[in-house]
């Protein structure tokens, strides 16, 4: 055997070999006693091991090309290519089918800043703040932000004497209210927190006629136009006027100029608000004033001193004839007084819930969030400290009630800000009677909210609610009394409201 093919022999030692498996030497006679000499060490085995393992180097390029060109491989490649494209096209078709069949999101309606939250009227800044005037108001902006107020209606704070047009100075702040620099601080503090500032610029706010007599209107014309430009330059976001239907009818050219000045002023995409106030209370009369004056919002007596049935009729009528971005809902105001004095303390939470959930903009007088009541004046002092220890038991219970009103208001206002169904959703009436009202706010594929209110002071009301969208069970979000707790599950077919109870319930959207 040549050296090229010869494989070396190597000894592999068996380290551990069972004794019974070890070979024994036997003599030629076969007798175990005759042991012949051993020529190999016990446990040593000779095996052949190649010096190097044979390595697989694969096919060469020429061999691969030769194999790839065979009919079998060609058919396999075509099959795989066809399967790839069929799979890709199938996934594309599936994606298109999902997109086509999926419900489309409804576009958000056109809204302005005053549609996103409540407005808060502060007629007398000295009565509202603990420290005098506008400087004290600037320090209270944080409190307004906590309540999720979107706008403050301040004043009037300009110089004016009752029924004396010669003393009118619409571009100057009364020394009783504060200074221009303090007013600027109010605007800066409000804008920093995303709150807009509306100025009540009703000329004769201390007198009997909001715009003075017809004979004195020329004085107002001279004062008003430059005053509007002045306050817009200072950063005011809108203006409020009482008696808008009278001035627009008697002085159409003046009112037309007011509209043009306010509505042609914008900062970026922010529109300036023109808000009117009227004494009208019927839906048709309110609609007429709204259309004739061109105001963005109109405060009125639409919900004041009315039964649940009348409220339902008014809301239905206004909602069906106007875009909800034009609707404003209020009970009290600078002249008419505070919510608690107009509806009674027992109904404060009911009306808070109503105003904050109707389609449109809720407007509150300062102190309405705590049930502040009018006394000898329509501008009572605002209460800020609900935990004072230096009070009698009667006052203590009153302060606790004020605190509970504020907590409820804050919770509902926060909910309104977060939910599209409550902010700009559709209004669906479900039930109304002389003392009870129920409706749903819904928007596209968002969660639905059902609001039910019972104003009766003695009777429990069972609401026969029927609609194709209503589920069997709903979840309690808020209740004005302790009869229900947030998170409770109710059977909607047997919904009962205790006397003077209001609830907000929710249920999910179903396709």
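Annotations for the structure displayed:
- Unmet requirement for residue 419, which otherwise passes all of (1) more than 26 Å from the chain's Cα centre (by Cα); (2) farther than 26 Å from residue 133 by Cα; (3) surrounded by fewer than 23 Cβ atoms within 10 Å (Cβ to Cβ): (1)
- Residue in segment 267-285 that is touching a residue at least 60 places away in the same chain (Cβ under 8 Å), surrounded by fewer than 18 Cβ atoms within 10 Å (Cβ to Cβ) and under 30 Å from residue 189 (Cα atoms) present: yes
- Criterion (in contact with a helix residue (DSSP H, G or I) (Cβ under 9 Å, 6 or more places away or on another chain), without any contact (Cβ under 8 Å) to a residue 40 or more places away in the chain and either assigned to a helix (DSSP H, G or I) or surrounded by 16 or more Cβ atoms within 10 Å (Cβ to Cβ) (or both)) met by exactly one of 221, 197: 221
- Within segment 299-312, being part of a helix (DSSP H, G or I) and free of Cβ contacts under 8 Å to residues at least 60 places away in the same chain holds for one residue alone: 310.
- Residue in segment 155-169 that is farther than 25 Å from residue 332 by Cβ, touching a strand residue (DSSP E or B) at 6+ places or on another chain (Cβ under 8 Å) and free of Cβ contacts under 8 Å to residues at least 12 places away in the same chain present: yes
- When residues of segment 97-120 are limited to those that are in contact with a strand residue (DSSP E or B) (Cβ under 8 Å, 6 or more places away or on another chain) and in a loop (DSSP other than H, G, I, E, B), the one surrounded by the fewest Cβ atoms within 10 Å (Cβ to Cβ): 112
- The residues of segment 428-464 that are surrounded by fewer than 19 Cβ atoms within 10 Å (Cβ to Cβ) and either in a loop (DSSP other than H, G, I, E, B) or out of contact with any strand residue (DSSP E or B) (no Cβ under 6 Å at 6 or more places or on another chain) (or both), listed by number, are 433, 434, 444, 445, 446, 447, 456, 457, 458, 459, 460, 464.
Any read-out appearing in this document is the output of simple, stated calculations on the displayed coordinates, not a laboratory observation. Everything numeric in this text was worked out from a predicted model, so none of it was measured. Note that each Cβ is placed from the backbone with ideal geometry, even for glycine, and that neighbours are counted across all protein chains shown.
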